[in-house]
Amino acid sequence: MNIAQFSLKSLILELRYPHAFRLWDSAGAIWTNATRRWPALTLRDAVPNQTRFTLGNKAEIGIHIDRAFVNVGASRVILDDFVPFCLFIVETAIPLLEIDTFTRVGFKSTFVKEYKTMDDAVNDFHSTGMTKQIGGKCFGIEGKSDSPSVTIRVEGEYLGCATTLLVRRRTTRLDVQVIGDDDFEPVTKEHLELVYDCDYFTKGEMAVGQLKASQWIEDAMHVIRRDSNVILGG
Amino acid sequence: MNSSSANIVNLEEFRATRAADSPADAPQGVVREIADIPSERRGRGVDFTRFYPLGEIQASRIAEPIKLLHESVERIEQAIESRRENDPVGSDDYIQQVMALLPELFVWGQSMGDGFSAVVLATFHCLRNAAGALSERQLLELRNGLKKLSIAPYIDFEAALDIQEAYEGVGLEPDAKEVIELSEFIEQGEGIR
């Protein structure tokens, strides 16, 4: 199994910083700028300590007093859909917040492989060799591992990476709120997935002038894809 | 008796975009190269390429300008050393080598940002406008400017102006000679009017 068999479903950039009290002065300027770039942005939260907007069901941008994030999700995400939002945060919002240092820069990518049966997903999970398959009676229970997961955290002096591999059953349900409306039926969809999730992050303080978001994200993505065989077994 | 109430803040809604803070949050296996970083090793003085997943390798687009910056800082330090040893000719030789590196560094400004270009250009004009040998204080300021850039090359234009001000503070001229002449001409014109 290798990374090419997975679809990239979600990308998140999270920047943490010491309390940015300028948020109370600059929130209006930041979001006016953002809505000029992306007119379809919709306000979700606006309270003193946090502001959050969404763009359809594809993107979410949040600026809080101690962190900012961009979250992009779709059936198949590409970096070009994600990077413009990150550049907006780093090049437009951060200077307005007058932040000097980031305490943590994190980039989380989630790759998913879909299956028809749970057994296939569990078998592929065990084929990676990350954990052994337990057979027979265990803990007094005659059964089998249903949703196994394993997380490996690797940390260096300045960078770290937390990787999770798990099998999950995800159910989505679309409800129809109008009683008596025959036009639409509630829809339920079940996904059986093997999820490879990688959170790449910095350790220690990083000066704002040290981060070029596009470069850092490209580097992180390159490393995540290159070294995925360590987890997925190649 | 006083009664008190507290708002319950729901943290779950932003857990999705918040990464695990500590190994205790989830992991089943932990590999640590270094468990804890001493506080004195954290901070803004760290070579910034250490924070980049590909580091300072050829595949990374930041490698070349950083190499040039380090080389420039090294040459200025050698110029300072020569000056301290009463060798003004040797000191000037090193400064001429810095002059040769700066145009190439300026080319990288397009991918590095406005702040980067502004500092490189200001440094170039300081050296070009210098009438005679630079003092040790001026050399130290130039070294500090380029060193700041090598630590944080993606500085914004405002931060670059701070470095230019520091150059001016020790008697350097970070603007192009033509610009200085033009501004003097305009000032004279206003005086006549």
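The values are calculated or read from the model by the stated rules, or taken from the named source; none is laboratory data. Because the structure is a prediction, the values reported are computed rather than measured. Methodologically, a virtual Cβ is constructed for each residue, glycine included, from the backbone with ideal geometry; neighbour enumeration extends over all protein chains shown.
Summary table
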read-out: Boolean, residue A:160 is crowded, with 17+ Cβ neighbours inside 10 Å, among the small types (Gly, Ala, Ser) and touching a residue at least 40 places away in the same chain (Cβ under 8 Å); value: yes
read-out: Count of residues meeting criterion [in contact with a helix residue (DSSP H, G or I) (Cβ under 9 Å, 6 or more places away or on another chain) and surrounded by fewer than 17 Cβ atoms within 10 Å (Cβ to Cβ)] in the range A:128-144; value: 4
read-out: Subset tally (residues that are surrounded by 15 or more Cβ atoms within 10 Å (Cβ to Cβ) and out of contact with any Lys or Arg (no Cβ under 9 Å at 6 or more places or on another chain)) for the range B:174-193; value: 2
read-out: Flag if residue B:116 is among the aromatic types (Phe, Trp, Tyr) and buried (at least 20 other Cβ atoms within 10 Å of the Cβ); value: yes
read-out: Identity of the residue in the range A:163-190, exposed (fewer than 11 other Cβ atoms within 10 Å of the Cβ) and touching a Leu at 6+ places or on another chain (Cβ under 7 Å), that ends up farthest from residue A:106 (Cα to Cα); value: A:186
read-out: Positions within the range A:6-24 being in contact with a Phe, Trp or Tyr (Cβ under 7 Å, 6 or more places away or on another chain), over 24 Å from residue A:115 (Cα atoms) and not aliphatic (A, V, I, L, M), in sequence order; value: A:14, A:16, A:17
read-out: The range A:100-112, subset crowded, with 20+ Cβ neighbours inside 10 Å and not polar (S, T, N, Q), residue farthest from residue A:222 (Cα to Cα); value: A:102
read-out: Residues that are more than 24 Å from residue A:103 (Cβ to Cβ) and either without any contact (Cβ under 8 Å) to a residue 60 or more places away in the chain or surrounded by 14 or more Cβ atoms within 10 Å (Cβ to Cβ) (or both), drawn from the range A:47-75; value: A:54, A:55, A:56, A:57, A:58, A:59, A:73, A:74
read-out: Test: residue A:143 is among the small types (Gly, Ala, Ser) and either at positive phi or without any contact (Cβ under 8 Å) to a residue 12 or more places away in the chain (or both); value: yes
read-out: Cβ-Cβ under 7 Å pairs, at least 6 apart or on other chains, the range A:195-217 side more than 7 Å from every other protein chain (Cβ to nearest Cβ), far side in a helix (DSSP H, G or I) and of a type in the set (Val, Ile, Thr); value: A:196/A:231; A:198/A:224; A:208/A:94; A:213/A:90; A:214/A:83; A:217/A:83
read-out: Residue within the range A:102-110 that is in a strand (DSSP E or B), within 30 Å of residue A:143 (Cβ to Cβ) and either in contact with an Asp or Glu (Cβ under 6 Å, 6 or more places away or on another chain) or of a type in the set (S, T, N, Q) (or both) present; value: yes
read-out: In the range B:144-191, residue farthest from the other protein chains (Cβ to nearest Cβ) [restricted to those that are of a type in the set (Gly, Ala, Ser) and under 10 Å from the mean Cα position of the chain (by Cα)]; value: B:145
read-out: Out of A:122, A:176, A:223, sole residue that is more than 14 Å from chain B (Cβ to nearest Cβ), out of contact with any helix residue (DSSP H, G or I) (no Cβ under 9 Å at 6 or more places or on another chain) and at pLDDT 90 or above; value: A:122
read-out: Members of the range A:119-151 found to be under 21 Å from residue A:5 (Cβ atoms) and small (Gly, Ala, Ser), listed by number; value: A:121, A:127, A:129, A:147, A:149
